[in-house]
Amino acid sequence: MRASFLGCPVDLLTMAETVDLARGAMRSRKRLQHVALNVAKFVNMRSDPVLATDVANSDIVGIDGMGILWGARALGLPAASRVAGVDLLAELLAICAQEGFKPYFLGATPAVLHQALQAACERHPSLAFAGWRDGYFKREEEGDVVRDIQSSGADCLFIGMPTPRKERFLAAHRDDLGVPFIMGVGGAFDVLAGTVQRAPARIQKLGLEWLYRIYQEPGRMWWRYARTNTLFAGVLVQALIRQVIQHALDAPGAVPPGPSRIGG
């Protein structure tokens, strides 16, 4: 079910529902583009209309971050759970191994990409990749990358490039790639490769995965999270205040705002 969260479209799907949609796309060869929405992307969308359009034009906008999940629930949306991109990637690689679908990995450094491919094959010995390409290619090389993906016969494409680069790449080429299921996975290749560790499950449930990332990479991550989390909190608090005021005005017997009258 698609809903609006602070002006941004979100699809209120569980992990199982998302996996079923991806599997259906790969079986039917009908294109389905998934984007994972977290707090950082949401904040960046508010100042980048091109990114906002790219996200809105995706077929599935999944709730990736706990902040988005909690915010949606606070505003009354029936969001059951988050669908973390790294977990969805793991689920779909298992499906590929079981059902013979062939993934294509695009992104990360050559070293991280190689480690991610190796880890995926060790976890799923029957997994066969359609192809792979690191994310360090120049703009003039995009045509070669697109042609390689086209000719690979891939059933799914996982893109591990930063926002908004991957969104721009897909907006320009998604209709030409010939891949049924397409998904941006952010830094999931680093997690799969083992170069970045995920937070323990308890920390994830508390919504403090961002704090664990700062602990691992303080120089790179602290300002990003400080900025985006603060901005997101401000936007959410404003929306909650507006909602409370609106509910008060809509309540039976409420006096509508207007000019006051003194005397008779």
* Asked: When you go through Glu122, Glu140 one by one, which is the residue that is of a type outside the set (A, V, I, L, M), more than 19 Å from Ala90 (Cα to Cα), open to solvent by 30 Å² or more (accessible area, probe 1.4 Å) and not in a loop (DSSP other than H, G, I, E, B)?
  -> Glu140
* Asked: Would you call Ser47 free of Cβ contacts under 8 Å to residues at least 12 places away in the same chain and either open to solvent by 10 Å² or more (accessible area, probe 1.4 Å) or not β-branched (Val, Ile, Thr) (or both)?
  -> yes
* Asked: Just checking, how many residues over segment 1-59 are outside any helix (DSSP H, G or I) and aromatic (Phe, Trp, Tyr)?
  -> 1
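Filter segment 149-178 down to the residues that are in a loop (DSSP other than H, G, I, E, B) and of a type in the set (Gly, Ala, Ser), then identify the one that is least open to solvent (accessible area, probe 1.4 Å).
Step one: list which residues in segment 149-178 are in a loop (DSSP other than H, G, I, E, B), which gives 153-155, 161-164, 174-178.
Now narrow it down to the ones that are of a type in the set (Gly, Ala, Ser): 153-154, 178.
Values: Gly153: 43, Ala154: 1, Gly178: 56 Å².
Per the criteria, the residue is Ala154.
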* Scan (1) of a type outside the set (Gly, Ala, Ser); (2) touching a residue at least 40 places away in the same chain (Cβ under 8 Å); (3) out of contact with any His (no Cβ under 8 Å at 6 or more places or on another chain); (4) within 23 Å of Pro180 (Cβ to Cβ) for the single condition Leu88 breaks and write down its number. => (3)
* To do: Kindly indicate the residue of segment 199-211 that is charged (D, E, K, R) and surrounded by fewer than 16 Cβ atoms within 10 Å (Cβ to Cβ) and also modelled with the highest pLDDT among those meeting that condition.
  => Arg202
* Asked: Residue check: is Val10 more than 21 Å from Met161 (Cα to Cα) and open to solvent by less than 10 Å² (accessible area, probe 1.4 Å)?
  -> yes
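The values are calculated or read from the model by the stated rules, or taken from the named source; none is laboratory data. It should be emphasised that the depicted structure is a prediction, and the values quoted were computed from it without experimental measurement. Counting neighbours? That spans all protein chains shown, and the Cβs are built from the backbone with ideal geometry, glycine included. Quick note on the areas: whole protein, heavy atoms, side chains included, nothing else; ligands and nucleic acids left out. Shrake-Rupley method; radii C 1.70, N 1.55, O 1.52, S 1.80 Å.
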